[in-house]
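K.L.:
After the structure tokens below, expect a handful of questions from me.
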Amino acid sequence: MTADFTWRDAGRTVVFRRGGVAAAAELLREYGVGEFELLSTGRALGELDGAKDLAEAASRVHEVPQGQVPAAAAASMGALAPPSHAEEGVRVRPLVALGGGRVVDVAKAIAAISGAEVVAIPTTLSGAEMTGIHRLPEGAEERARGMVRPSLVIAEPEAMTGQPEEQLRASAMNALAHGADTLYLPLSNPVSEMTALRGAALIAGGLDEERQSRDRAALALGSILCGYAIDSAGIGLHHVICQTLVRICGTPHAGTNAAILPPALAFLAERVPEPYEQLATALGTERDRLVERVRELGRPPSLGELGDESKLDEAIEAMLQRPELAIVSGPPSAEDLERLVLQAW
């Protein structure tokens, strides 16, 4: 079984601990976080062991509203960010985000305006706790001081892997995609490649086990390592497609990642075969079975059940404007993107 650990990485500390949510208030004090604002959801606050104690330790508790990150962050900013850079003297409490990727990204978005420190306590395999990748509050983009990466991560494997099986597998494919999308990029490096492949192997191994006997810590660690990889190497084809579909067609984040990953890997493995030979090996298969293997692991839904197909042309046009597509050996055309997306639709 994967052991608990503490990982100090420049300006970030990851505390990987079973029972981490219950120990969170104590860990925050240990790492110098006294007064703090807690961002979370009703589900997380009501269901997670130790969440009520964390809420009682907070100066205030803010339930993150529904909706995409820019709107949700804008709706929460009034209580959490000074109105302008002119108020540099205003003391801003750290933001502690207990929840999935949307909650963590809202905290990062607000902190990009306020300058607050962010602590992430993830409850899914989104990887948001490991990255400085996020959108900004609606209407406040020009006030951003820079993108924000959490300085402290309290990662409890049980909290991160407690979703129902279908949702957990979708979340795990989002995590796997973080690693898989980084293997061919200009900023790929030995560390990002090593963490991506090791994370992919852990995710596959965890999902191959029966739920009752699964090494949930291995699955959570796989997500963290793949999140580290994408933070290091940046995003590519898969995430350009998924982010755009979520924003324009309204498809759910994890389900979109799970559905798009197999056809995206088929496209990439044909264009840049060597790194995807390595990914196939990490997943315990051959490159010609890579797509089938990922489908077996993720059991993805059809996006046609989840999104608005009438906006697909608009989404593809938006994808083509993203500079990240230019890094694929021979950038994909509109026809390539449409064919790829329709395989998942």
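The numbers here are math on the coordinates, done by the rules we state, and not lab data. Quick caveat: nothing in here was measured; it's all calculated off a predicted structure. Neighbour counts are summed over all protein chains in view; Cβ atoms, including those assigned to glycine, are modelled from backbone coordinates with ideal geometry.
K.L.:
Could you order peptides 326-337, 7-18 by the average number of other Cβ atoms within 10 Å of their residues, highest first?
P.N.:
Ranked from most to least packed, the peptides come out as 7-18, 326-337.
K.L.:
State the antiparallel share, in %, of DSSP beta bridges confined to the chain, rounding to the nearest 5.
P.N.:
The antiparallel proportion sits near 20 percent.
K.L.:
Moving to a separate point now. Return the distance in nm (one decimal) between the two label points of a simple spin-label model at Arg289 and Ala71, each offset 7 Å from Cα along Cα→Cβ.
P.N.:
It works out to 4.4 nm between the two label points.
K.L.:
If you put +1 on each Lys and Arg Cβ and -1 on each Asp and Glu Cβ, how big is the dipole of the stretch 29-68 around its Cα centre, in Debye rounded to 20?
P.N.:
Computed about the Cα centre, the dipole is about 100 debye.
K.L.:
Here's something else I'd like to know. Of the listed peptides 280-293, 164-177, 262-275, what is their order by residue-averaged count of other C-beta atoms within 10 Å, with the highest listed first?
P.N.:
164-177, 262-275, 280-293
K.L.:
Consider a paramagnetic label point 7 Å from the Cα of Glu166 along Cα→Cβ; state which residues of the stretch 273-295 have an amide N under 19 Å from it.
P.N.:
Under 19 Å, as judged by backbone N against the label point of Glu166, lie 295 of the stretch 273-295.
K.L.:
OK, next. Report the one residue of Ser310, Gly100, Gln343 whose Cα lies farthest in the direction of the positive end of the charge dipole of the chain (charges on C-beta: Lys and Arg +1, Asp and Glu -1; origin at the Cα centre).
P.N.:
With unit charges placed on the Cβ atoms, the residue in question is Gly100.
K.L.:
Here's something else I'd like to know. Hey, if you put +1 on the Cβ of every Lys and Arg and -1 on every Asp and Glu Cβ in the chain, which of Leu265, Val69, Ala326 ends up farthest toward the positive end of that dipole?
P.N.:
Val69
K.L.:
Between Arg271 and Ile327, what is 0.36 nm times their sequence separation minus the Cα-Cα distance? Round to one decimal in nm.
P.N.:
So the extension gain works out to 19.0 nm.
K.L.:
What nm distance separates the two modelled labels at Ala318 and Gln278, each placed 7 Å from Cα along Cα→Cβ?
P.N.:
3.3 nm
K.L.:
How high is the relative contact order of the stretch 165-344, in percent, with contacts defined as C-alpha pairs under 8 Å that are six or more residues apart?
P.N.:
27 percent
K.L.:
Let me ask something additional. Among bridges DSSP assigns within the stretch 5-160, what percent are antiparallel (round to 5)?
P.N.:
20 percent
K.L.:
Quickly work out the Thr6-to-Ala79 label distance, labels modelled 7 Å from Cα along the C-beta direction, and quote it in nm with one decimal.
P.N.:
Label-label distance for Ala79 and Thr6, simple model: 3.2 nm.
K.L.:
About the Cα centre of the chain, how large is the charge dipole given +1 on each Lys and Arg Cβ and -1 on each Asp and Glu Cβ? Please answer in debye to the nearest 20.
P.N.:
Computed charge dipole of the chain: roughly 560 debye.
K.L.:
Of the listed values [x] 32, 24, 18; [y] 42, 22, 19; [z] 26, 25, 21, grab the one calculated as semi-axes √(5λ) of the Cα gyration tensor in Å from the structure here.
P.N.:
Among [x] 32, 24, 18; [y] 42, 22, 19; [z] 26, 25, 21, the one derived from this structure is [x].
K.L.:
Given +1 on the Cβ of Lys and Arg, -1 on the Cβ of Asp and Glu, and no further charges, what dipole in debye does the stretch 149-268 carry about its Cα centre, rounded to the nearest 20?
P.N.:
Dipole size: approximately 280 debye.
K.L.:
To the nearest 0.05, how large is the calculated FRET efficiency for Arg145 and Glu35 if R₀ is 30 Å and r is the Cβ-Cβ distance?
P.N.:
0.90
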